[in-house]
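The values are calculated or read from the model by the stated rules, or taken from the named source; none is laboratory data. Bear in mind that the values here come from a model prediction, so they are computed numbers and not experimental data. Cβ coordinates were reconstructed from backbone atoms using ideal geometry, including for glycine residues, and neighbour counts include every protein chain displayed.
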Amino acid sequence: MGYVRVIIEALFGVFVVVLLMFGFVILFGAPYLPTLKKQTDDALDLLDLKPGQTLLELGSGDGRVMLAAAKRGLHVVGYELNPLLCIVSMFVTIRYRKQITVVWGDFWKKQWPAADGIFVFLLDKYMEKLNNKIIQEQKGKKVKLVSFAFTIKDKKPTKTKKGLYLYQY
């Protein structure tokens, strides 16, 4: 009977740790929600990046968007705060490791590489902060942003498609 209790306590401990890893990221941007293939294709179509160009994915989750972008010939840098999702995305994208860089950490605190496009799913309350960060990081270089579901207040998107918003900087 003692083994059963130890196993239950261990499983409960693992559950709590996983719950915390997925829950705490809401304080920095958005919860993990996988981007569906159609949404990914639409987002990459809106960005209209050419092979060899660079895409940043802020909150890269399980690597789906990075993988789709690499298959289109893009270089991709994905930032992920959740260590479990970071490991998953590194594993999922291993075949494209020459094109994809997965960065574990808070993209708000990192200096971003020059990029031609950015894909993000952030909560509404972070969109103005994102707008300011893009202006600061890109230093006048042209970049396109596609936001899934949320808009930047007082900035008009140049195109929209099924809940995706394209912004030009």
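General remarks:
- Within the range 94-118, the set of residues being among the acidic types (Asp, Glu) and crowded, with 19+ Cβ neighbours inside 10 Å comprises just one member, Asp116.
- Helices (runs of 4 or more DSSP H) completely within the range 1-93 that count 3 or more residues being at negative phi and either among the aromatic types (Phe, Trp, Tyr) or modelled with pLDDT under 95 (or both): 2-23, 83-92
- Among the residues making up the range 70-93, those that are under 15 Å from the mean Cα position of the chain (by Cα), surrounded by fewer than 21 Cβ atoms within 10 Å (Cβ to Cβ) and over 17 Å from Phe119 (Cα atoms) are Pro83, Leu84, Ile87, Val88, Met90, Val92.
- Check on Met127, at pLDDT 95 or above, out of contact with any Leu (no Cβ under 9 Å at 6 or more places or on another chain) and more than 22 Å from Asp48 (Cβ to Cβ): no
- Among the conditions (1) modelled with pLDDT of 95 or more; (2) over 24 Å from Lys161 (Cβ atoms); (3) not β-branched (Val, Ile, Thr), the only one that Asp106 does not satisfy is (1).
- Residue check: Thr151 meets all listed conditions (1) more than 18 Å from Leu44 (Cβ to Cβ); (2) surrounded by 14 or more Cβ atoms within 10 Å (Cβ to Cβ); (3) in contact (Cβ under 8 Å) with a residue 40 or more places away in the chain but one, namely (3).
- Residues satisfying the stated conditions in the range 117-150, i.e. in a loop (DSSP other than H, G, I, E, B), of a type in the set (A, V, I, L, M) and over 16 Å from Ser60 (Cβ atoms): Leu123, Val143, Ala149
- Taking first residues from the range 111-122 that are within 18 Å of Tyr165 (Cα to Cα) and partners that are of a type in the set (Lys, Arg) and part of a loop (DSSP other than H, G, I, E, B), the Cβ contacts under 8 Å between residues at least 6 apart in sequence or on separate chains come to Asp116/Lys142.
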